[in-house]
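Here, each number is a calculation from the coordinates, and none is a lab measurement. From a predicted model like this one, the values you see are computed outputs, not experimental measurements. Here the Cβ is made from the backbone with ideal geometry for all residues, glycine too, and neighbour counts use every protein chain on show.
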Amino acid sequence: MANKDITPEEAELGKLLPAGAALSWGLVKPPQRGPKREMSIDQIVAKAIDIADKHGLEAVSMSRVASEFGFTAMSLYRYIPSKEDLLLLMQDAACDIPVPPERPPHEWRESLRDYVMGTIHIFSKHPWFGDIPISSIPMGPNNLRIVDWALRPLRDLPLNDYEKMSIVLLLSGYARSSGMLQRDINRAVQAGSSVEAFSGLHYSAALKALIKPEQYPNLHPVIMSGAYTGENESESGVGDDVEFGLQRILDGIEQYLDRIQTGRTGK
């Protein structure tokens, strides 16, 4: 993403992408005026991420970021055309995470788990990440590297490209919802709540008295067992909710693969 001279061909290619994506690929000419030597796109994005990590996404503005460098917002616009483009660049930079070494093909479940957990970690490290609205398919280099990572364990499985991308979308959606839920729990705890209060554990006795079987015939036994508020989780044999849900998704993918294989062998 560093400022550099680009060829006419690269400039034309950059016109095919949104400005933020073109900037992330280094397909935009560096500014000809302004404080070229004092700022770079990488520095601007890093500063914006630092502000968001400490104060939330709502604290990020072009003027706030520019003031951190001692410049006006107009100076920043010479590098990044809009706040929307800055947010796209921040999102792509947050996806610059280490990709683990490739596992053997038969460990595709473990590989997909690595991908989901790595994605969830982004939401934990950068709580603002999920606050950025989804405006398009991933187009930044780091974001696409994450997609490439998710596709890696699917490479040799008997799936067509549509099926592979559908599986990636399924897993990324699960990672996003799980990551944002964990983020919200972290925020509640940081605001003075407790994990037990957030889960409803403190209200278990009250719920058991209030939820009557004639009114809530399906919820009542779940409340009484303590599963609704997470009582006795260590004795349930289920374990972590995120892990349990992920393993059931992977079970479904495995059954789908078995069905494909059965259809091909005629057994």
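I want to verify a result. In a Gaussian network model of the chain, Cα cutoff 10 Å, which of these has the top mean-square fluctuation: Tyr216, Tyr256, Tyr115?
Tyr216
Taking DSSP loops as anything outside H, G, I, E and B, show the longest stretch in the chain free of GluC sites (Glu not before Pro) there with at most 13 other beta carbons within 10 Å.
It works out to 103-213.
Specify whether the C-alpha gyration tensor of the chain places it in the rounded, prolate or oblate class, a ≥ b ≥ c being the square roots of the eigenvalues: rounded for a/c under 1.5, otherwise prolate if a/b is larger than b/c and oblate if not. Write out the running numbers ahead of the final one.
Values: a/c = 3.15, a/b = 1.44, b/c = 2.19.
Oblate, since a/c reaches 1.5 and b/c is not below a/b.
Over 28 Å between Cα atoms: which of Lys15/Lys47; Lys125/Lys208; Lys83/Lys125 fall into that group? Don't skip to the answer; put the middle values down first.
Values: Lys15/Lys47 26 Å; Lys125/Lys208 37 Å; Lys83/Lys125 22 Å.
Going by Cα-Cα distance, Lys125/Lys208 fall outside the 28 Å limit.
Step through the residues of region 133-144 one at a time and calculate ³J(HN,Hα) from phi using the Karplus curve (6.51 cos²θ - 1.76 cosθ + 1.60, θ = phi - 60°), rounding each to whole Hz and writing x for Gly and Pro.
Rounded to whole hertz, the list is x, 7, 10, 6, 5, x, 9, x, x, 6, 4, 6.
Provide the gained length on full extension for the span Leu257 to Ser194, in nm with one decimal, where the gain is 0.36 nm per separating residue minus the Cα-Cα distance.
Working: separation 63, 0.36 × 63 = 22.68 nm, distance 4.19 nm.
So the extension gain works out to 18.5 nm.
Springs between alpha-carbon atoms under 10 Å, Gaussian network over the chain: tell me which of Lys164, Lys47, Lys212 tops the mean-square fluctuations.
Among Lys164, Lys47, Lys212, the largest GNM mean-square fluctuation belongs to Lys212.
Could you give me the ³J(HN,Hα) list for region 70-86, computed from phi with Karplus coefficients 6.51, -1.76, 1.60 and θ = phi - 60°, whole Hz, x at Gly and Pro?
Calculated HN-Hα couplings, in order: x, 10, 8, 4, 4, 5, 5, 5, 6, 9, 10, x, 7, 5, 4, 5, 4 Hz.
Would you mind putting 146-154, 86-94, 125-133 in packing order, based on average other-beta-carbon counts within 10 Å, highest first?
Working: 146-154: 19.0, 86-94: 23.3, 125-133: 17.3.
The most tightly packed comes first, giving 86-94, 146-154, 125-133.
Quote to one decimal, in nm, the extra length available between Ser136 and Ile185 on full extension: 0.36 nm per residue of separation minus the C-alpha distance between them. Walk me through the intermediate numbers first.
On the way: separation 49, 0.36 × 49 = 17.64 nm, distance 2.76 nm.
Full extension of this stretch gives 14.9 nm more.
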